[in-house]
1. In Å, what Kirkwood hydrodynamic radius results for segment 36-103 from the alpha-carbon pair distances?
2. Could you work out which residue, out of Arg14, Arg43, Arg66, moves most in a Gaussian network model of the chain, that is, has the largest mean-square fluctuation with Cα springs under 10 Å?
3. Quick one: which of 69-82, 45-58 comes out on top by average Cβ neighbours within 10 Å, and what's the full order, highest first?
4. Normalised by the number of residues in the chain, what is the relative contact order in percent for Cα pairs under 8 Å and 6+ residues apart?
5. Starting at the first residue of segment 65-73, write each ³J(HN,Hα) from the Karplus equation 6.51 cos²θ - 1.76 cosθ + 1.60 with θ = phi - 60°, in whole Hz, x for Gly and Pro.
6. Using only DSSP helix segments of four residues or longer, with each worth -39500 (n - 2.57), what per-residue ellipticity at 222 nm results for the chain after dividing by its residue count and rounding to 500?
7. Whenever you get a sec, compute what percent of the accessible area on the chain sits on carbon and sulfur atoms (1.4 Å probe).
8. Expressed as an acute angle from 0 to 90° and rounded to the nearest 10, what is the orientation of the C-alpha long axis of helix 27-47 relative to the principal long axis of the chain?
Amino acid sequence: MPRPSAPLTSLFGRAVAKVVAHSTAGPDVSNIYEATLRVLTERGTQAATMDDIAARTGVSRATLFRRYGGKDALFEAAVAHTLHTFLAEITTTFLTVIDPADR
C-alpha cells in the first residue's frame, strides 16, 4: 500500500521555491519528469507510486529512489522543471518580441 503523500498544493509551493535553483536537465532526466507528470495527472499524489513511474519511464524503482529519495521529491522536481521551462519560454518571448501586441 502506498504511503500517504503531500497534497498537490504543498508540492506545488515547494516546486516553485526550487525553480530559482533549478538547473537545466538533460534529455534522460526530462523524459523522467515528463513521465512523472503524466503519472501524477492520471493518478494523483495519493495513488501514484514509484512503481508507476518506474514502469512509465523504464528506469528502475531503486534508481528513482536513489536519485530522488521518494515520490514527493520526484514530483516536486518534475513540477519545478516544468515551471522552469515555462518561465524560460516567457522570458525568451519577452526579450525577443519587441511589439507589445505580439507579446
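1. 13.7 Å
2. Taking springs between Cα atoms under 10 Å, the residue moving most is Arg66.
3. With the highest mean Cβ count within 10 Å placed first, the list reads 69-82, 45-58.
4. On the way: 84 pairs, mean separation 38.2, N = 103.
Normalised by residue count, the contact order of the chain is 37 percent.
5. 5, 5, 6, 10, x, x, 5, 4, 5
6. Calculated at 222 nm, the ellipticity per residue is -24000 deg cm²/dmol.
7. Details: 3890 of 6350 Å².
Ligands and nucleic acids excluded, carbon and sulfur give 61 percent.
8. Here the helix axis deviates by roughly 60 degrees.
The values are calculated or read from the model by the stated rules, or taken from the named source; none is laboratory data. Values in this document were obtained by computation on a predicted structure and should not be read as measured data. Glycine gets a Cβ as well: all are built from the backbone with ideal geometry, and neighbour counts include every protein chain shown. To get the accessible areas, we keep the full protein, side chains included, count just its heavy atoms, and leave off ligands, DNA and RNA. Shrake-Rupley method; radii C 1.70, N 1.55, O 1.52, S 1.80 Å.
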